[in-house]
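Report on the following structure.
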Amino acid sequence: MILSKHSGTTRRGFIGRAAIVAGMVAGGVFGAVAARVKAANSKLRLAVIGCGTRGVGTIVPAALEERLVAVVDPDRNCIAAALKRAKKIDETFDANAVQAFADYRVLFDKKAGEIDAVLIATPNHHHALPALRAMERGKGVYLEKPLAHDISECRALAAAAARFKVPTQMGNQGHCGEGTRRLLEYLAAGAIGDMVETHSWTDRKNGGSGGRPQAGNPPAHLDWDVWLGPAPYREYHAGLHPHDWHNWFDFGNGSVGNAAPHAMDGVFTALKPGVPAAVEIEAVVGGSAEQYPAATRIRWDIPARGSMPAAKVFWWDGCSEKKGPKDNSLGARPPLVVDLEKKHNRRLGPNGTLYVGTKGYMSTDWYGNGPRIIPEEKHRACPSPAKTLPRVDGPFADFFAACRAGTPTTQANFAYAAAFIEFVYLGLLAERAGVGRKIVWDTKAMRCTSVAEVNAFVRRTARRGWEPKA
(Lines give C-alpha, C1' and ligand atoms only; values in the text may rest on other atoms or scores of the structure.)
Protein backbone atom coordinates (compact mmCIF):
# COMPACT_ATOMS: atom_id res chain seq x y z
CA MET A 1 0.00 0.00 0.00
CA ILE A 2 1.31 3.47 -0.88
CA LEU A 3 1.11 5.88 2.04
CA SER A 4 0.51 9.50 1.08
CA LYS A 5 -1.20 11.39 3.90
CA HIS A 6 1.14 13.46 6.04
CA SER A 7 0.17 14.74 9.47
CA GLY A 8 3.19 16.92 10.21
CA THR A 9 2.66 20.44 11.53
CA THR A 10 3.57 23.63 9.70
CA ARG A 11 7.14 24.78 10.17
CA ARG A 12 9.30 27.71 9.16
CA GLY A 13 9.92 28.37 5.47
CA PHE A 14 13.09 27.91 3.51
CA ILE A 15 14.13 31.52 4.16
CA GLY A 16 17.00 31.29 6.60
CA ARG A 17 17.19 27.52 6.23
CA ALA A 18 20.98 27.54 6.50
CA ALA A 19 20.69 29.04 9.96
CA ILE A 20 17.99 26.52 10.85
CA VAL A 21 20.18 23.63 9.80
CA ALA A 22 23.16 24.99 11.71
CA GLY A 23 21.08 25.10 14.87
CA MET A 24 19.61 21.61 14.64
CA VAL A 25 20.10 19.31 17.61
CA ALA A 26 22.88 16.77 17.38
CA GLY A 27 20.68 13.73 17.96
CA GLY A 28 20.91 12.79 14.31
CA VAL A 29 24.67 12.48 14.63
CA PHE A 30 24.34 9.84 17.36
CA GLY A 31 21.82 7.98 15.21
CA ALA A 32 24.30 8.06 12.35
CA VAL A 33 26.97 6.36 14.45
CA ALA A 34 24.64 3.47 15.30
CA ALA A 35 23.57 3.13 11.66
CA ARG A 36 27.18 2.98 10.49
CA VAL A 37 28.13 0.30 13.00
CA LYS A 38 25.23 -1.83 11.82
CA ALA A 39 26.00 -1.17 8.15
CA ALA A 40 29.64 -2.21 8.59
CA ASN A 41 28.56 -5.82 9.11
CA SER A 42 25.60 -6.08 6.73
CA LYS A 43 24.21 -4.67 3.52
CA LEU A 44 23.15 -1.04 3.60
CA ARG A 45 19.40 -0.55 3.89
CA LEU A 46 18.48 1.91 1.16
CA ALA A 47 15.43 3.98 0.23
CA VAL A 48 15.06 5.24 -3.34
CA ILE A 49 13.24 8.57 -3.50
CA GLY A 50 12.14 9.34 -7.04
CA CYS A 51 11.33 6.49 -9.44
CA GLY A 52 11.24 8.29 -12.76
CA THR A 53 13.55 7.66 -15.72
CA ARG A 54 16.76 8.19 -13.76
CA GLY A 55 15.46 6.39 -10.70
CA VAL A 56 14.40 3.27 -12.59
CA GLY A 57 17.27 3.24 -15.05
CA THR A 58 20.21 3.90 -12.72
CA ILE A 59 19.29 4.39 -9.06
CA VAL A 60 17.30 1.18 -8.54
CA PRO A 61 20.01 -1.03 -10.08
CA ALA A 62 22.58 0.64 -7.82
CA ALA A 63 20.37 0.10 -4.75
CA LEU A 64 20.17 -3.60 -5.54
CA GLU A 65 23.91 -3.84 -4.94
CA GLU A 66 22.92 -3.37 -1.32
CA ARG A 67 19.42 -3.86 0.13
CA LEU A 68 16.45 -1.94 -1.24
CA VAL A 69 13.90 -1.53 1.56
CA ALA A 70 11.71 1.39 0.41
CA VAL A 71 10.69 3.27 -2.73
CA VAL A 72 9.04 6.69 -2.89
CA ASP A 73 7.22 8.39 -5.73
CA PRO A 74 3.87 10.24 -6.03
CA ASP A 75 3.19 8.30 -9.25
CA ARG A 76 2.07 4.72 -8.60
CA ASN A 77 3.04 3.75 -12.14
CA CYS A 78 6.61 4.86 -11.48
CA ILE A 79 6.77 2.76 -8.34
CA ALA A 80 5.45 -0.24 -10.25
CA ALA A 81 8.10 0.32 -12.93
CA ALA A 82 10.83 0.49 -10.29
CA LEU A 83 9.79 -2.79 -8.69
CA LYS A 84 9.43 -4.46 -12.08
CA ARG A 85 12.93 -3.30 -13.01
CA ALA A 86 14.31 -4.65 -9.74
CA LYS A 87 12.72 -8.05 -10.38
CA LYS A 88 14.13 -8.13 -13.90
CA ILE A 89 17.63 -7.47 -12.57
CA ASP A 90 17.37 -9.90 -9.65
CA GLU A 91 14.95 -12.82 -9.94
CA THR A 92 15.17 -13.37 -6.17
CA PHE A 93 14.00 -9.82 -5.44
CA ASP A 94 10.90 -9.77 -3.23
CA ALA A 95 8.78 -6.71 -3.96
CA ASN A 96 6.57 -7.51 -0.97
CA ALA A 97 9.52 -6.81 1.31
CA VAL A 98 9.81 -3.26 -0.03
CA GLN A 99 7.54 -0.61 1.43
CA ALA A 100 6.19 1.96 -1.04
CA PHE A 101 5.33 5.58 -0.25
CA ALA A 102 3.93 8.43 -2.28
CA ASP A 103 5.39 11.02 0.11
CA TYR A 104 8.93 11.02 1.50
CA ARG A 105 7.75 12.90 4.59
CA VAL A 106 5.82 9.77 5.53
CA LEU A 107 8.90 7.64 4.84
CA PHE A 108 10.91 9.60 7.36
CA ASP A 109 8.08 9.66 9.90
CA LYS A 110 7.45 5.92 9.73
CA LYS A 111 10.62 4.20 8.55
CA ALA A 112 13.62 6.40 9.37
CA GLY A 113 14.92 3.88 11.89
CA GLU A 114 14.96 1.13 9.26
CA ILE A 115 17.16 2.78 6.63
CA ASP A 116 20.85 3.67 6.52
CA ALA A 117 20.91 5.95 3.47
CA VAL A 118 18.74 7.43 0.73
CA LEU A 119 19.27 7.71 -3.02
CA ILE A 120 17.35 10.71 -4.39
CA ALA A 121 16.37 11.14 -8.05
CA THR A 122 13.35 13.46 -7.82
CA PRO A 123 12.63 16.55 -9.91
CA ASN A 124 14.93 19.37 -8.80
CA HIS A 125 12.34 21.20 -6.71
CA HIS A 126 12.22 18.17 -4.39
CA HIS A 127 15.98 17.76 -3.95
CA ALA A 128 16.67 19.77 -0.81
CA LEU A 129 13.86 18.76 1.53
CA PRO A 130 14.29 14.95 1.61
CA ALA A 131 18.08 15.38 1.73
CA LEU A 132 17.80 17.69 4.74
CA ARG A 133 15.38 15.36 6.52
CA ALA A 134 17.67 12.40 5.88
CA MET A 135 20.79 14.16 7.14
CA GLU A 136 19.16 15.41 10.34
CA ARG A 137 18.31 11.77 11.07
CA GLY A 138 21.89 10.67 10.48
CA LYS A 139 21.37 9.08 7.06
CA GLY A 140 23.79 9.17 4.17
CA VAL A 141 22.48 10.99 1.08
CA TYR A 142 23.19 10.33 -2.59
CA LEU A 143 21.52 13.11 -4.59
CA GLU A 144 21.35 13.39 -8.36
CA LYS A 145 22.63 16.56 -10.00
CA PRO A 146 22.05 19.43 -9.79
CA LEU A 147 22.41 19.61 -6.03
CA ALA A 148 19.29 21.71 -5.39
CA HIS A 149 16.80 24.09 -6.96
CA ASP A 150 18.45 27.35 -5.90
CA ILE A 151 21.65 28.71 -4.37
CA SER A 152 20.16 29.03 -0.87
CA GLU A 153 19.22 25.35 -0.87
CA CYS A 154 22.72 24.38 -2.04
CA ARG A 155 24.23 26.21 0.91
CA ALA A 156 21.73 24.67 3.32
CA LEU A 157 22.65 21.18 2.15
CA ALA A 158 26.37 21.87 2.53
CA ALA A 159 25.79 23.26 6.03
CA ALA A 160 23.74 20.21 7.03
CA ALA A 161 26.35 17.80 5.68
CA ALA A 162 29.04 19.58 7.71
CA ARG A 163 26.83 19.66 10.81
CA PHE A 164 25.78 16.02 10.83
CA LYS A 165 28.95 14.57 9.29
CA VAL A 166 27.08 12.03 7.18
CA PRO A 167 28.27 10.66 3.83
CA THR A 168 27.01 12.73 0.90
CA GLN A 169 27.46 12.46 -2.85
CA MET A 170 26.11 14.46 -5.78
CA GLY A 171 25.53 12.32 -8.85
CA ASN A 172 27.42 14.13 -11.59
CA GLN A 173 29.02 10.85 -12.52
CA GLY A 174 31.99 12.19 -14.48
CA HIS A 175 33.49 13.73 -11.36
CA CYS A 176 34.23 10.20 -10.13
CA GLY A 177 35.43 8.99 -13.52
CA GLU A 178 38.83 8.25 -15.01
CA GLY A 179 38.39 10.83 -17.78
CA THR A 180 38.12 13.79 -15.41
CA ARG A 181 41.19 12.62 -13.49
CA ARG A 182 43.27 12.30 -16.63
CA LEU A 183 42.06 15.72 -17.78
CA LEU A 184 43.15 17.32 -14.51
CA GLU A 185 46.49 15.51 -14.58
CA TYR A 186 47.20 16.65 -18.14
CA LEU A 187 46.22 20.24 -17.35
CA ALA A 188 48.27 20.29 -14.14
CA ALA A 189 51.28 19.02 -16.09
CA GLY A 190 50.99 22.04 -18.39
CA ALA A 191 49.98 20.05 -21.49
CA ILE A 192 48.25 23.11 -23.01
CA GLY A 193 49.85 25.83 -20.89
CA ASP A 194 47.79 28.21 -18.78
CA MET A 195 44.04 28.03 -19.39
CA VAL A 196 42.56 31.29 -20.59
CA GLU A 197 39.19 30.20 -22.01
CA THR A 198 36.76 27.29 -22.02
CA HIS A 199 33.68 26.48 -24.09
CA SER A 200 31.11 23.95 -22.85
CA TRP A 201 28.13 23.05 -25.03
CA THR A 202 25.11 20.76 -25.15
CA ASP A 203 22.36 19.87 -27.57
CA ARG A 204 19.81 19.83 -24.75
CA LYS A 205 16.96 22.33 -25.08
CA ASN A 206 15.28 22.36 -21.68
CA GLY A 207 13.21 25.47 -22.16
CA GLY A 208 10.39 26.94 -24.13
CA SER A 209 8.23 30.01 -24.61
CA GLY A 210 4.78 31.14 -23.62
CA GLY A 211 2.56 30.35 -20.68
CA ARG A 212 0.97 27.22 -19.27
CA PRO A 213 -1.13 24.81 -21.32
CA GLN A 214 -4.78 24.44 -20.42
CA ALA A 215 -5.36 22.99 -16.96
CA GLY A 216 -6.83 19.52 -16.65
CA ASN A 217 -7.27 16.65 -14.24
CA PRO A 218 -4.15 14.77 -13.13
CA PRO A 219 -4.05 11.07 -13.99
CA ALA A 220 -5.50 8.80 -11.31
CA HIS A 221 -2.11 7.20 -10.62
CA LEU A 222 -0.47 10.56 -9.75
CA ASP A 223 -0.76 12.36 -6.39
CA TRP A 224 -0.58 15.85 -7.84
CA ASP A 225 -0.34 17.75 -4.56
CA VAL A 226 2.60 15.62 -3.44
CA TRP A 227 4.27 15.99 -6.86
CA LEU A 228 4.10 19.78 -6.45
CA GLY A 229 5.57 19.53 -2.96
CA PRO A 230 7.37 22.75 -1.93
CA ALA A 231 6.70 24.49 -5.27
CA PRO A 232 3.90 27.07 -5.61
CA TYR A 233 0.52 25.48 -6.21
CA ARG A 234 -0.81 25.28 -9.77
CA GLU A 235 -3.45 23.20 -11.49
CA TYR A 236 -2.21 20.13 -13.30
CA HIS A 237 -1.35 20.63 -16.96
CA ALA A 238 0.56 18.79 -19.67
CA GLY A 239 4.27 19.36 -20.23
CA LEU A 240 5.49 18.75 -16.67
CA HIS A 241 5.39 15.13 -15.55
CA PRO A 242 7.36 12.94 -16.02
CA HIS A 243 10.25 14.83 -17.68
CA ASP A 244 9.55 18.30 -19.03
CA TRP A 245 9.50 19.93 -15.59
CA HIS A 246 13.12 20.77 -16.53
CA ASN A 247 11.73 23.58 -18.70
CA TRP A 248 9.88 25.44 -15.94
CA PHE A 249 11.25 27.88 -13.35
CA ASP A 250 9.19 26.45 -10.50
CA PHE A 251 10.49 22.90 -10.89
CA GLY A 252 13.70 22.63 -12.91
CA ASN A 253 16.78 24.60 -13.88
CA GLY A 254 16.70 24.49 -17.66
CA SER A 255 19.55 23.20 -19.77
CA VAL A 256 22.05 24.88 -17.46
CA GLY A 257 20.90 22.78 -14.50
CA ASN A 258 20.40 19.63 -16.55
CA ALA A 259 23.68 19.55 -18.50
CA ALA A 260 26.24 21.97 -17.05
CA PRO A 261 26.88 19.83 -13.92
CA HIS A 262 28.32 17.26 -16.35
CA ALA A 263 29.98 19.46 -18.96
CA MET A 264 31.42 22.13 -16.65
CA ASP A 265 32.67 19.91 -13.82
CA GLY A 266 36.19 19.74 -15.25
CA VAL A 267 36.13 23.50 -15.85
CA PHE A 268 35.24 24.27 -12.25
CA THR A 269 37.65 21.73 -10.78
CA ALA A 270 40.59 22.70 -12.97
CA LEU A 271 40.16 26.48 -12.99
CA LYS A 272 39.31 26.89 -9.28
CA PRO A 273 37.47 30.04 -10.33
CA GLY A 274 36.38 31.34 -6.95
CA VAL A 275 33.92 34.21 -7.28
CA PRO A 276 33.59 35.42 -10.89
CA ALA A 277 34.16 39.10 -11.53
CA ALA A 278 30.93 39.08 -13.53
CA VAL A 279 28.51 36.72 -15.27
CA GLU A 280 26.52 37.76 -18.33
CA ILE A 281 24.12 36.22 -20.80
CA GLU A 282 25.30 37.23 -24.27
CA ALA A 283 22.50 35.80 -26.42
CA VAL A 284 19.21 33.99 -25.93
CA VAL A 285 16.45 32.25 -27.89
CA GLY A 286 12.99 31.71 -26.41
CA GLY A 287 12.07 31.81 -22.77
CA SER A 288 9.12 33.41 -21.01
CA ALA A 289 7.92 34.53 -17.60
CA GLU A 290 7.65 30.86 -16.57
CA GLN A 291 10.02 28.88 -18.79
CA TYR A 292 13.75 28.85 -19.38
CA PRO A 293 15.16 29.81 -22.78
CA ALA A 294 15.59 27.14 -25.45
CA ALA A 295 19.14 28.29 -26.24
CA THR A 296 21.63 30.57 -24.52
CA ARG A 297 25.22 31.71 -24.52
CA ILE A 298 26.52 32.70 -21.08
CA ARG A 299 29.93 34.07 -20.09
CA TRP A 300 31.66 33.92 -16.69
CA ASP A 301 34.58 36.38 -16.28
CA ILE A 302 37.16 34.76 -13.99
CA PRO A 303 39.75 37.05 -12.38
CA ALA A 304 43.41 36.12 -11.98
CA ARG A 305 43.94 33.68 -9.10
CA GLY A 306 47.47 33.42 -7.70
CA SER A 307 49.63 32.14 -10.56
CA MET A 308 46.56 31.44 -12.75
CA PRO A 309 45.68 34.13 -15.30
CA ALA A 310 42.25 35.64 -15.85
CA ALA A 311 39.96 33.45 -17.94
CA LYS A 312 36.60 33.41 -19.67
CA VAL A 313 34.18 30.50 -19.30
CA PHE A 314 31.45 30.10 -21.94
CA TRP A 315 28.28 27.99 -21.86
CA TRP A 316 26.29 27.18 -25.02
CA ASP A 317 23.03 25.19 -24.89
CA GLY A 318 20.36 24.23 -27.41
CA CYS A 319 23.12 23.47 -29.93
CA SER A 320 22.67 21.51 -33.14
CA GLU A 321 25.45 19.81 -35.10
CA LYS A 322 23.49 20.48 -38.29
CA LYS A 323 23.95 24.25 -38.11
CA GLY A 324 27.22 25.84 -39.14
CA PRO A 325 28.67 28.69 -37.04
CA LYS A 326 28.83 31.51 -39.57
CA ASP A 327 28.78 33.85 -36.59
CA ASN A 328 28.18 33.64 -32.86
CA SER A 329 24.44 33.12 -33.26
CA LEU A 330 22.73 30.45 -31.20
CA GLY A 331 21.52 27.09 -32.35
CA ALA A 332 25.01 25.97 -33.37
CA ARG A 333 27.97 24.73 -31.40
CA PRO A 334 30.78 27.21 -30.60
CA PRO A 335 32.45 28.44 -33.82
CA LEU A 336 35.91 27.56 -32.50
CA VAL A 337 34.79 23.96 -31.93
CA VAL A 338 33.53 23.51 -35.49
CA ASP A 339 36.58 25.24 -36.94
CA LEU A 340 38.91 22.87 -35.08
CA GLU A 341 36.86 19.89 -36.28
CA LYS A 342 37.26 20.96 -39.88
CA LYS A 343 40.92 21.85 -39.59
CA HIS A 344 41.95 18.64 -37.84
CA ASN A 345 39.30 16.19 -39.12
CA ARG A 346 38.19 15.56 -35.55
CA ARG A 347 34.56 15.22 -34.44
CA LEU A 348 33.91 16.66 -30.98
CA GLY A 349 30.24 15.73 -30.78
CA PRO A 350 26.94 17.24 -29.55
CA ASN A 351 28.05 17.69 -25.91
CA GLY A 352 31.45 18.53 -24.50
CA THR A 353 34.04 21.05 -23.39
CA LEU A 354 36.97 22.67 -25.15
CA TYR A 355 39.84 23.95 -22.99
CA VAL A 356 41.85 26.77 -24.53
CA GLY A 357 45.39 27.19 -23.19
CA THR A 358 48.32 29.42 -24.00
CA LYS A 359 49.96 26.41 -25.70
CA GLY A 360 47.02 24.69 -27.38
CA TYR A 361 43.64 22.99 -27.01
CA MET A 362 42.21 20.00 -25.17
CA SER A 363 38.71 18.54 -25.44
CA THR A 364 36.47 16.18 -23.46
CA ASP A 365 32.95 14.88 -23.83
CA TRP A 366 30.36 16.16 -21.39
CA TYR A 367 31.16 13.64 -18.65
CA GLY A 368 34.81 14.60 -18.84
CA ASN A 369 35.65 11.39 -20.70
CA GLY A 370 38.14 11.10 -23.53
CA PRO A 371 40.46 14.04 -22.80
CA ARG A 372 42.61 14.63 -25.90
CA ILE A 373 44.96 17.37 -26.98
CA ILE A 374 44.10 18.84 -30.38
CA PRO A 375 45.54 17.99 -32.88
CA GLU A 376 45.85 14.24 -32.28
CA GLU A 377 49.53 14.08 -33.24
CA LYS A 378 50.30 16.60 -30.50
CA HIS A 379 48.45 14.42 -27.98
CA ARG A 380 50.46 11.36 -28.97
CA ALA A 381 53.69 13.35 -28.67
CA CYS A 382 52.82 14.66 -25.20
CA PRO A 383 54.39 12.68 -22.32
CA SER A 384 51.68 10.87 -20.38
CA PRO A 385 51.39 12.56 -16.97
CA ALA A 386 51.71 10.55 -13.77
CA LYS A 387 48.49 9.37 -12.13
CA THR A 388 48.50 11.56 -9.04
CA LEU A 389 44.80 11.72 -8.21
CA PRO A 390 42.87 9.06 -6.25
CA ARG A 391 40.64 6.69 -8.23
CA VAL A 392 37.23 5.34 -7.24
CA ASP A 393 34.99 2.74 -8.84
CA GLY A 394 32.17 5.12 -9.72
CA PRO A 395 29.92 7.38 -7.62
CA PHE A 396 27.77 4.66 -6.04
CA ALA A 397 30.70 2.52 -4.94
CA ASP A 398 32.35 5.64 -3.55
CA PHE A 399 29.19 6.57 -1.63
CA PHE A 400 28.51 3.07 -0.31
CA ALA A 401 32.13 2.77 0.88
CA ALA A 402 31.77 6.06 2.77
CA CYS A 403 28.55 4.84 4.39
CA ARG A 404 30.29 1.66 5.57
CA ALA A 405 33.34 3.52 6.84
CA GLY A 406 31.27 6.15 8.61
CA THR A 407 33.13 8.97 6.90
CA PRO A 408 31.67 12.09 5.26
CA THR A 409 34.39 12.03 2.61
CA THR A 410 33.41 11.21 -0.98
CA GLN A 411 34.68 12.54 -4.29
CA ALA A 412 31.57 14.64 -4.95
CA ASN A 413 30.48 15.51 -1.42
CA PHE A 414 28.07 18.35 -0.74
CA ALA A 415 30.81 20.85 0.15
CA TYR A 416 32.25 20.55 -3.36
CA ALA A 417 28.80 20.21 -4.97
CA ALA A 418 27.34 23.32 -3.33
CA ALA A 419 30.25 25.51 -4.45
CA PHE A 420 30.14 24.11 -7.98
CA ILE A 421 26.39 24.42 -8.47
CA GLU A 422 26.39 27.94 -7.00
CA PHE A 423 28.95 28.87 -9.66
CA VAL A 424 26.75 27.30 -12.36
CA TYR A 425 23.57 28.93 -11.05
CA LEU A 426 25.04 32.40 -11.37
CA GLY A 427 24.40 31.72 -15.05
CA LEU A 428 20.71 31.22 -14.25
CA LEU A 429 20.67 34.60 -12.51
CA ALA A 430 22.18 36.08 -15.67
CA GLU A 431 19.34 34.53 -17.68
CA ARG A 432 16.85 36.20 -15.33
CA ALA A 433 18.65 39.54 -15.64
CA GLY A 434 18.59 39.53 -19.45
CA VAL A 435 21.10 40.11 -22.23
CA GLY A 436 23.88 42.54 -21.44
CA ARG A 437 23.18 42.96 -17.70
CA LYS A 438 26.14 41.71 -15.69
CA ILE A 439 25.70 39.72 -12.51
CA VAL A 440 28.11 40.84 -9.79
CA TRP A 441 27.96 38.38 -6.90
CA ASP A 442 28.55 39.09 -3.19
CA THR A 443 29.26 35.58 -1.96
CA LYS A 444 29.33 36.51 1.73
CA ALA A 445 25.91 38.17 1.59
CA MET A 446 24.63 35.60 -0.95
CA ARG A 447 23.17 38.31 -3.18
CA CYS A 448 23.63 40.03 -6.52
CA THR A 449 24.73 43.65 -6.09
CA SER A 450 24.30 44.72 -9.71
CA VAL A 451 20.76 43.60 -10.64
CA ALA A 452 18.69 43.65 -7.47
CA GLU A 453 15.58 41.98 -8.88
CA VAL A 454 17.34 38.64 -9.50
CA ASN A 455 17.82 38.18 -5.74
CA ALA A 456 14.23 36.96 -5.64
CA PHE A 457 15.50 33.78 -7.33
CA VAL A 458 18.38 33.09 -4.94
CA ARG A 459 15.99 31.49 -2.44
CA ARG A 460 12.34 30.52 -2.32
CA THR A 461 9.74 30.10 0.39
CA ALA A 462 8.37 26.57 0.51
CA ARG A 463 4.67 25.90 0.20
CA ARG A 464 2.97 25.41 3.54
CA GLY A 465 3.49 21.90 4.90
CA TRP A 466 6.72 21.39 2.94
CA GLU A 467 9.12 23.39 5.08
CA PRO A 468 12.25 21.76 6.52
CA LYS A 469 11.91 20.62 10.11
CA ALA A 470 13.60 22.76 12.74
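The values are calculated or read from the model by the stated rules, or taken from the named source; none is laboratory data. These numbers were taken from a predicted model, which means no experiment stands behind them. Counting neighbours? That spans all protein chains shown, and the Cβs are built from the backbone with ideal geometry, glycine included.
Cys403 fulfils the conditions (1) touching a strand residue (DSSP E or B) at 6+ places or on another chain (Cβ under 6 Å); (2) within 16 Å of Val279 (Cα to Cα); (3) in a helix (DSSP H, G or I) except for a single criterion, (2). Would you please name the residue that is surrounded by the fewest Cβ atoms within 10 Å (Cβ to Cβ), looking only at residues in region 364-393 that are touching a helix residue (DSSP H, G or I) at 6+ places or on another chain (Cβ under 6 Å) and not in a loop (DSSP other than H, G, I, E, B)? The residue in question is Arg372. Number of residues in region 247-284 that are of a type outside the set (Ser, Thr, Tyr) and more than 12 Å from the chain's Cα centre (by Cα) equals 23. Considering Ala86, Ala35, Ala80, the condition of being within 27 Å of the chain's Cα centre (by Cα), modelled with pLDDT of 95 or more, outside any loop (DSSP other than H, G, I, E, B) and crowded, with 19+ Cβ neighbours inside 10 Å is satisfied by Ala86 alone. Here Arg347 fits the description: part of a loop (DSSP other than H, G, I, E, B) and either modelled with pLDDT under 95 or over 21 Å from Ala294 (Cβ atoms) (or both). Selection of region 227-281 for residues being in contact with a Lys or Arg (Cβ under 9 Å, 6 or more places away or on another chain) and among the hydroxyl-bearing types (Ser, Thr, Tyr) yields Tyr233, Ser255.
The residues listed here are Leu129, Leu147, Leu143; of these, the one that is assigned to a loop (DSSP other than H, G, I, E, B), under 25 Å from Trp248 (Cα atoms) and of a type in the set (A, V, I, L, M) is Leu147. In region 358-385, which residue that is within 31 Å of the chain's Cα centre (by Cα) and among the charged types (D, E, K, R) is farthest from Met308 (Cα to Cα)? Filtering region 358-385 for residues that are within 31 Å of the chain's Cα centre (by Cα) and among the charged types (D, E, K, R), the one farthest from Met308 (Cα to Cα) comes out as Asp365. For region 443-464, a tally of residues being basic (Lys, Arg), over 21 Å from His125 (Cα atoms) and in contact (Cβ under 8 Å) with a residue 12 or more places away in the chain returns 0.
One line per residue, one yes/no per condition, for (1) surrounded by 20 or more Cβ atoms within 10 Å (Cβ to Cβ); (2) closer than 21 Å to Gln173 by Cα:
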| site | (1), (2) |
| --- | --- |
| Gly210 | no, no |
| Arg234 | no, no |
| Asn247 | yes, no |
| Ser255 | yes, yes |
| Pro261 | yes, yes |
| Met264 | yes, yes |
| Leu271 | yes, yes |
| Gly274 | no, no |
| Val285 | no, no |
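I'd like the full set of residues that are of a type in the set (A, V, I, L, M, F, W, C) and either within 17 Å of the chain's Cα centre (by Cα) or not in a helix (DSSP H, G or I) (or both), limited to region 161-207. Hits for region 161-207 are Ala161, Val166, Met170, Cys176, Ala189, Ala191, Ile192, Met195, Val196, Trp201. Filtered by the rule that a residue be in contact with a Pro (Cβ under 7 Å, 6 or more places away or on another chain) and among the aliphatic types (A, V, I, L, M), region 192-205 gives a lone residue, Val196. Would you please name the residue that is surrounded by the most Cβ atoms within 10 Å (Cβ to Cβ), looking only at residues in region 89-113 that are of a type outside the set (A, V, I, L, M) and in a loop (DSSP other than H, G, I, E, B)? Step by step, filter region 89-113, then rank; the result is Asp103.
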